[in-house]
Every structure is written in structure tokens, then in C-alpha cells.
Amino acid sequence: MKWNIVAEYISLVILAIIWVYARKGSHLPTLKNRTFQGCLVMSFCAILSNILSTTMIYHYQQIPCFLTWIVTSIYFILTPLMGLSYFLYTVSVIYHDNKELRKVMIIAFVPAVFYVVLVMINPWNHYLFSITSLGYTRGIGISSTYIIFYAYCIASIIVTLKNMKHMDKTIHRILSTFPILAVVVIIIQQIYPNVILSGSAATCALLIIYLHLQNKQISLDYLTSLPNRQELLSMLDIMLRRNPEQDFVLMVISLRNFRQINNTYGQPIGDAFLKEVSSFLNHIGPKQNVYRFNGDEFALLFTHVNEAEMKKCVEVIQKRMKHSWKVNDYRIYLSHVIGAVRHLDHLQTIEQIINAIEYAINRAKVNQEEEICYCDQKMLGQLERKNQIIQILKEKLEDESFEMYYQPIYDLKTQQFIHLESLMRLNHTPLGSLSPAEFIPIAEETGLIIEITYVIIKKVCQFINDLQKLGIEHKLIHINFSAIQFSQPDLSEKVLQIINQYHIPLSSIEIEFTESTLAKSSQVVNEFALEMMKHGIYLGLDDFGTGYSNLTTVINIPFKTVKLDKSLVYAAMESHQSSLAIQHISSAFQELGMNIIAEGIETVEQKDMMEKFQINQIQGYYYAKPMSDKDVEKFLLSYQKNNPI
């Protein structure tokens, strides 16, 4: 009988290519990865032994019979057991480190052991095949080689279907497809026994697995060819599950203001610099444990803590960063910060570790003088407090239970409190009373401030209705907007919709935002201001004098009021030159039709100076502190009764 083994040669080449590329992929020490490598080795050896066996049988008269027996026996062992390797890969993907995995794998080896014994005794009973001086003949039990292969493939499909509810749809589809494809190819071989396709079946199955589950593009960053963030998370997961007591250190190098590089030189040049940095870190960092953490951040994972090694690595990085980086004709200096966390510092989950390292990076960026920030016990305590505040904000937002306070603003001309500033407060929390200086930045960082602001507008509108029912004279209430609020595409529509629900005059609301907001989004703010002005809603500039904007920008936006930051008030009290400058600036704004509010007024001397400057309104503890809605109602009723207009 003659066999066509051309397909086996092609399969061997394709398999070798897959093997080479697969070795460049994920280096995670998972059972899935090891099993896939085992599948490749098993299939490669099976195809190679098939080619050798077929060639030797063709030339049985020139080759010693015992050699042909040995090679053919190896082929008979390996080829059906490729089905076992596929099954083991399937269960390794499905069960991971599940307790059932060991039991399933033990059961899976039972048929394989019996089959191997069958092949080993074949030289005596010729049950599977026989090789004599007359050539090769099939035995009566040759079908068992196909049965064992089919059994493992069917078992793979059954296990996949059984666990489909707990699997990703894509993975389920792949694990169901590749054994079916392998079975179909083997059936075709049975129909055409002179065409050897066992290697083609294996190669098709492994190609599907490689492309969808083992492809290096899944685990490697496309730009730097470093393992990506997901690969780092998987590595941390493995380490935490296998050895929770293992001590390790995660270090992240973050490039400062790298976006400016892209804006200045263009994305391709920026990418080229990132590749240079990644190559350097991959060279000096822990072997196979350098990752691209984020766009301009790289992670170094020291799986075994060696203080001397880590110190040397940091020193090399800091020394290199003091020198310029060159790409083509471009040469730049890259500023950086380093955040570091240690596993045993009460960090037991991946989420805790990642939160800690990101917190350390942010703290290092805030502190311009430090290049490295180690997330120690004190910082972990701060991080825990931050997470608690985030949870409090979410809960308060969900039931809209945060408190609103209002600080009256005194009008020097009318000598009345006809303006109020709305202020959010968190007085009753598991952490006690929280300062706005602490929770507002967290609300902005998490984006919760967006929905919080909408709720504040609702509460202020309701409060205005309450004031009207009580007959309390007022002109408007100030509401503070964060810079992140202006990232909302439908901001104007949302604000108008909320205010109109409460049927209050639109002119009774003034929206305030700071100079920093104006500096970040001047165009967006200007468009929003013009839209609000169409509907009669006033706008105010808060904290003027903190140094974020210029006069041209301020003048071009139709502000109704400009609030002088308290630092300007203090400066005016201490310096004659400062007082003159503030007086002239205030006068200039007033000539442009803007009202000037001085905030932070606490003493009679400060009040007298503001009156001398002919400031329009005064806000501060000298006249009134922030009060709850009920208290401010009592305050305004009492003042209105004793000081009628």
C-alpha cells in the first residue's frame, strides 16, 4: 500500500512556525501555557514519527526491521495521544487551578495508559500492526487508534459544553470548534486511507488555538513588544493564588508630561521615544518581568525581593534619565517618577496592589521634588481612607443625602444679604465630618462630581422655592462647577432641564467656576457661558488671583461677577503696592459691568479696606458663616425683619 504524506510535510513546517512564534508569546507559568507547549511538542513528534515511519516502511528492505518497529510504535503512541493533549489543554483553560482539575486529569490519563500498554505488547500479538520481511500490515485492532483519538476529542467537547455558562463566549466557541475540526479531518483520512492527514488535523486544531487563545498579540504590547498590562495582572493573580506569602515588589516608572512630547513632535516620534525607553528598561529590569503598564508607564515586577538588586536598578534608571534621549534628529530630556509597592505590606488582592501603585504614582507626580514614592503603611492608610470616602460619596449620591450649606453674601450698596453661595457638606459619615478640601478633589478625580453637581442644582432650586414660600428676599444663589463638568456634551441642556423642573426664575441661579477651569477649557466655557446668558443665567469667576488665567481670557467671557480670592485680600492688607493693584483691577472689572465680591473677610480691618476699594459685595465669617438650610432661613428672616429694605 502506498501513502500520500505531502500534507504531513506541510503540516510539520506550519507547526514549526507556530512553535517558534508561540515561544515569543506569554511567559506566564500557567498550566494553560505549559499544556499548549506540550501540545506543540506532542504533535510535532507525532508528525515527524509518522513521516519517518512511512518512509522506513517504504524502504523496509534496506532498513533494519527493529528500527522500523520502534519508530512505528512511537508513531502509534503519539498520534492518538494528540487527542489527550487537546483534552488536557481544554481542561486547563476551563478549570485553571480549580480543585476539580487534578481529578479530571487523573481520569483522563487512564485510557491513555491502557492504550500505551496495548502498543507496547503489540510486537508479540500484532493486534495493531505488524512489520515483517514482506512489509507492513494492519492488525485487527487498528480501529482502536482512531477510537482513542475520537474519545478524547468528544470528551473535550462535553467538558466545554458542561461549563459553557461559566466561560467567555469566544473561548467556548474556540474550545468547541478545534476538536470537531480535528475529528472531521481524521474521518476524511479513514474514508481515504492512502492519504495521511493526522498531522493536518493536529495543525489545524493548534492553529485555531494559537490564533485565538495563545497568540502573542494577546499578551504583548503592540508598540514596545513588552508584555502588556493584562499580562502583568495575570502574573500577579498567579503569584497571589499559588503562594500568598511570597514577598515581591511592583515598581512603575511613569513619564511626566509625555503628552506634551506627542503634541510637540507628533505621535510617531513620541512612540519612537517610548520604544527607546521600553528597550532600556527591558535591558536593565528583571528578566521577563518588565511590562507596559499604561501609555507612558512601565512596570517592573521583582518576584523575589533583593534590596541590593532593586536599589541598583533604580539608580541605573535615575542616572539614565538625567541624560537626553535621541530619536532620529530629535533629542529630548524625559522627566519621570517611580511608584513602588511591596506585596506583604497588607496588600492581599490585585485590586489593592494596583490601587496602591497608582496612588503612589499620583503622589509622586504631585510632589515635584520627589522622583520615587514608596507606598508605605502611612500611605496605605491614606489610600484606605480615600476608598472609604469614595464609597461614602457613592452612597450619598445614590440617595441624594449629602447636606447643603449656604453662606450669605453681604451687598455693600443695599446693605442686605440678597446673594448666597451653595456649599456641599458631609458632616455625618462613618469617618465623621469630612472637609470639602478632602472630598471635593476625590469626587473630581473619580468623576462623581458630575452627578453630584446635578443633584446640587436640584437641591438649590428646591431651596429657592422654600425661600419664596417664606417670603425671604433674595436675588440669586451661586453654584460651583468643577472643570470636569465641562466635559459633558449636553451640559447646557441638562442644567436648563433641571432648573425648569422647579419653575424658578433662571436669573436666580449664578454658576461659578474657578480660574483653573477657565485655563483648561476656555473655549468650552465661553460657549457654555454664552448659552446660559441667552436664558438669563448669570456666570461668575471664582478664586480670581490664584494665577491660572489672564485678563484677556476673563474679559472675553461674559461674567456677571468676579470673586477675589482671599489671598488677594491678605496681600492687600500687608502691602501698599498690592492694595493699589487690587483696587485698580477691581475698578477695571466694575467699569466692564462686573460685580466684585471679596471672599474670606474675617476682620473689621479687612472689611473696611474692601469698602474703601468700593467692592460690591463681601463674603466671609465677619458677616456670616456657612449655615444649613434651616439655619440660613432663620438668619435671613431675622436680618430681614431687623433691617428692612
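Here, each number is a calculation from the coordinates, and none is a lab measurement. What you are looking at is a predicted structure, and each value in this text was computed from that prediction instead of being measured. Quick reminder, even Gly has a Cβ in these numbers, built from the backbone with ideal geometry, and neighbours come from all protein chains shown.
Computed over the stretch 1-82, relative contact order equals 34 percent, with contacts defined as Cα pairs under 8 Å that lie 6+ residues apart. Its residues counted as N, the stretch 229-375 yields a C-alpha radius of gyration over 2.2 N^0.38 Å of 1.05. The ranking of PHE293, PHE635 from fewest to most other beta carbons within 10 Å of each one's beta carbon is PHE635, PHE293. Across the stretch 180-195, rounded Karplus estimates of 3J(HN,Hα) from the backbone phi angles (6.51 cos²θ - 1.76 cosθ + 1.60, θ = phi - 60°) give 5, 4, 4, 5, 4, 5, 5, 4, 4, 5, 5, 5, 10, x, 7, 9 Hz, Gly and Pro being marked x. On full extension, the segment bounded by LEU67 and GLU245 gains 58.9 nm, given 0.36 nm per residue less the C-alpha separation.
Out of every Cα-Cα pair that the chain contains, those further apart than 39 angstrom amount to 56 percent. The per residue volume of the convex hull around the alpha-carbon atoms of the stretch 288-385 is 129 Å³. In percent, rounded to a whole number, the relative contact order of the chain is 9, using alpha-carbon pairs under 8 Å and six or more apart. Of the chymotrypsin sites (Phe, Trp or Tyr not before Pro) found in the stretch 527-578, the ones in coil according to DSSP and having at most 15 other Cβ atoms within 10 Å of their Cβ are TYR548. Counting neighbouring Cβ atoms within 10 Å and putting the fewest first, the residues SER234, SER575, SER26 line up as SER575, SER234, SER26. Here the label points at SER578 and TYR265, each 7 Å from Cα along the C-beta direction, are separated by 4.2 nm in the simple model. Here is how the number arises for the chain: DSSP H runs of 4 or more residues each give -39500 (n - 2.57), the sum is divided by the residue count, and the result at 222 nm is -19000 deg cm²/dmol. In this model, which of LYS459/LYS641; LYS459/LYS612; LYS459/LYS607 are farther than 28 Å apart at the alpha-carbon? The pairs that break the limit, which is 28 Å between Cα atoms, are LYS459/LYS612; LYS459/LYS607. Sorted from longest to shortest, the spans of the Cα atoms of the stretch 6-218 along the three principal axes equal 55, 32, 31 Å. The Rg/Rh ratio of the stretch 147-198, with both radii computed over alpha carbons and Rh defined as the Kirkwood radius, is 1.09.
Restricting the calculation to Cα atoms, the stretch 568-626 shows an Rg/Rh of 0.96 when the hydrodynamic-style radius is the Kirkwood one.
When the alpha-carbon atoms of the stretch 464-536 are used, the pair Rg, Dmax equals 13.5, 41 angstrom.
Across all directions, the shadow cast by the convex hull of the stretch 323-367 built on its C-alpha atoms averages 4.7 square nanometres. For the chain, the longest principal axis of the C-alpha atoms and the axis of helix 99-120 are separated by about 20°. Near TYR622, once Lys and Arg are set to +1 and Asp and Glu to -1 for all other residues with Cβ below 9 Å from its Cβ, the sum equals 0. Can you give me the angle between helix 6-22 and the longest principal axis of the chain, using Cα atoms only, in degrees from 0 to 90, rounded to the nearest 10? Rounded to the nearest ten degrees, it is 30. Taking Cβ atoms as reference points and 12 Å as the exclusive limit, the residues near ILE284 contribute a net charge of +2, counting Lys and Arg as +1 and Asp and Glu as -1. If R0 equals 60 Å, the separation of the Cβ atoms of SER567 and ILE154 corresponds to a calculated FRET efficiency of about 0.20.
The Rg/Rh ratio for the stretch 422-546, using Cα coordinates for both the radius of gyration and the Kirkwood hydrodynamic radius, is 0.97. Percent of alpha carbon pairs in the stretch 16-87 separated by more than 18 Å? Tail of P(r) above 18 Å: 49 percent of Cα pairs. The alpha-carbon atoms of the stretch 153-248, seen along their principal axes, cover 58, 34, 23 angstrom, with the largest extent given first. Among the trypsin sites (Lys or Arg not before Pro) in the stretch 395-442, those located in a DSSP loop and surrounded by at most 11 other Cβ atoms within 10 Å of their own Cβ are LYS413. If you take every DSSP beta bridge whose two residues both sit in the chain, what share of them, in percent to the nearest 5, is antiparallel? That works out to approximately 60 percent antiparallel. In terms of other Cβ atoms within 10 Å, THR55, THR552 run from fewest to most in the order THR552, THR55. Summarising the overall dimensions of the stretch 386-444 from its C-alpha atoms, the Rg and Dmax are 14.7, 47 angstrom. Sorting the Cα pairs of the stretch 397-642 by distance into bins of 10 Å, from 0 upward, gives 7, 31, 38, 22, 3, 0 percent per bin. Listed cross-link partners LYS396/LYS534; LYS378/LYS563; LYS560/LYS634 are compared with a 30 Å cut-off, the Cα-Cα value being larger for LYS396/LYS534; LYS378/LYS563.
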